[in-house]
1. How about segment 215-238: which of its residues are in contact with a strand residue (DSSP E or B) (Cβ under 6 Å, 6 or more places away or on another chain) and among the charged types (D, E, K, R)?
2. Which of the residues spanning segment 183-227 are among the hydroxyl-bearing types (Ser, Thr, Tyr) and assigned to a strand (DSSP E or B)?
3. Which residues, taken from segment 1-28, are open to solvent by less than 70 Å² (accessible area, probe 1.4 Å) and either assigned to a helix (DSSP H, G or I) or among the polar types (S, T, N, Q) (or both)?
4. Counting only residues that are open to solvent by 20 Å² or more (accessible area, probe 1.4 Å), give me the strands (runs of 3 or more DSSP E) lying completely in segment 117-168 with at least 2 of them.
5. Would you check if residue 34 is surrounded by fewer than 19 Cβ atoms within 10 Å (Cβ to Cβ) and touching a residue at least 12 places away in the same chain (Cβ under 8 Å)?
6. For segment 206-220, give me the residue count where each residue is surrounded by fewer than 21 Cβ atoms within 10 Å (Cβ to Cβ) and of a type outside the set (A, V, I, L, M, F, W, C).
7. Specify the residue that is farthest from residue 190 (Cα to Cα); the eligible residues are those in segment 90-113 that are polar (S, T, N, Q) and open to solvent by less than 10 Å² (accessible area, probe 1.4 Å).
8. Run down 58, 87 and say which single residue is touching a helix residue (DSSP H, G or I) at 6+ places or on another chain (Cβ under 6 Å) and surrounded by 17 or more Cβ atoms within 10 Å (Cβ to Cβ).
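The values are calculated or read from the model by the stated rules, or taken from the named source; none is laboratory data. Given the structure is predicted, the values throughout are model-derived calculations rather than measurements. As a convention, Cβ positions derive from the backbone with ideal geometry for all residues, glycine included, and neighbour counts pool all protein chains shown. Side chains included, ligands, DNA and RNA excluded: accessible areas come from the protein's heavy atoms. Shrake-Rupley method; radii C 1.70, N 1.55, O 1.52, S 1.80 Å.
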Amino acid sequence: MLTAAQLERYRRDGYVIPDFRLPESVLADIRSDHARLIARHPELRQYCPNLLAYDLRFLELARTPEILEMVRQILGDDFALWNSSFFAKPAQDGQRTPWHQDGQYWPIRPLATCTAWVAIDDSTTENGCLRVIPGSQRERRLRRHRKIDATDVTLNQELLAAEYDVAQAADIVLKAGQLSLHDVFLLHGSEPNRSPRARRGMTLRYMPTSSHFDRSIARQQAAEFGITDHSVRTLYLMSGADRCGKNDFRVRR
């Protein structure tokens, strides 16, 4: 599914937009499932950090053969899905996502993941599309973050201003059904949505099973950062086997 040039771009820039688009019938099902979720849990209207804890129907998208093949090209034959989130950004008052690196929040050692960011609606500069700093993943390190107490954000960890230059940012504009793939160390964020159009985005988080999903680190991070406790996540083996021999695939709800 990814060409040699696209794989090279992923390695160089930390992200890529594949030549792939989900059919409208799949998007309609996801929108319906999300509407049902929000009706039951209005507190998740802006952001749901763990979709699969509420409805395993969302797991169907994570098993899309074309997506799995692209992830396999990046991570290798052995990988697991460890989480799926929903960044909803409702029309008029969608919250911003601070500039950050995913690895700041994640108990995966060594840090290595590929995130599929799926546009459920058109994602544009007007309604708060994902923004990235190309190539910022190359140093393979976590940069300095700070905890913020703002109420108009989806996440509470933000990169220090000295760690990035917003002038280098690129907008990832997607049509509904398109997706981008990005690296765990890539600097990214998004602006608030003040437009009349919703900007729903669903993330699928894949990790190579040569890495360990360390639940003790997850509990430490939850206490230190005041974030969702990732230790309760269920890992779903998507391809191959557990190469590190330490991952726990017991079902948790």
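1. If the condition is that a residue be in contact with a strand residue (DSSP E or B) (Cβ under 6 Å, 6 or more places away or on another chain) and among the charged types (D, E, K, R), then 233 is the only one that fits.
2. Listed by number, the residues that qualify are 190, 203, 206.
3. 3, 6, 7, 10, 13, 26, 27, 28
4. 145-147
5. no
6. Residues that pass the stated criteria total 7.
7. The extreme case among them is 113.
8. Going through 58, 87 in turn, just one is touching a helix residue (DSSP H, G or I) at 6+ places or on another chain (Cβ under 6 Å) and surrounded by 17 or more Cβ atoms within 10 Å (Cβ to Cβ): 58.
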